[in-house]
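Remarks on the structure that follows.
Nothing in this text is a laboratory measurement; each read-out follows from the coordinates by a stated rule. Here the structure is a predicted model, which is why all the values come from computation and not from measurement. Counting neighbours? That spans all protein chains shown, and the Cβs are built from the backbone with ideal geometry, glycine included.
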Amino acid sequence: MFRLPQAGALINRLGFNNEGLDALVSRVRSVQLGALLGINLGKNADTPIERAGDDYAQGLATVYPYARYVTINVSSPNTARGCERCRAQPNWTRCWRAWRASARALQTGTGGACRSR
């Protein structure tokens, strides 16, 4: 989100309509950020709910080198076939287990959850 004071406008770019992980990583690599970067992940619209955990795990592995923190969005009622279905059991358990397995593997590879930049 950011403001355009001269236009009296507020720009919200928090939605899921985007060009995907590769485009995000490309943009992040091309700029020098002077702040912490947090990335919010959701499952792909065309991914079956049973495979949502795979999307979250792959997303985490892709953005891990660039983000200071990563969130998973399991509440997006405004998207077609929204990821909010991930909140229902057993979907939530599958998503959480895939996410944690990916996070643990990544943390082990960097020496722990706290990492310096």
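In order along segment 33-42, the phi-based Karplus estimate (6.51 cos²θ - 1.76 cosθ + 1.60, θ = phi - 60°) of 3J(HN,Hα) comes to 8, x, 9, 5, 10, x, 10, 9, 9, x Hz; Gly and Pro are listed as x. Arranged from fewest to most other beta-carbon atoms within 10 Å of their beta carbon, S26, S102 become S26, S102. Taking amide H atoms as placed 1.01 Å from N in the peptide plane, the amide H of I72 lies under 5 Å from those of L41, each 5 or more residues away in sequence or on another chain. The amide H of Y64, built 1.01 Å from its N in the peptide plane, has no neighbour under 5 Å, considering only residues 5 or more places off or on other chains.
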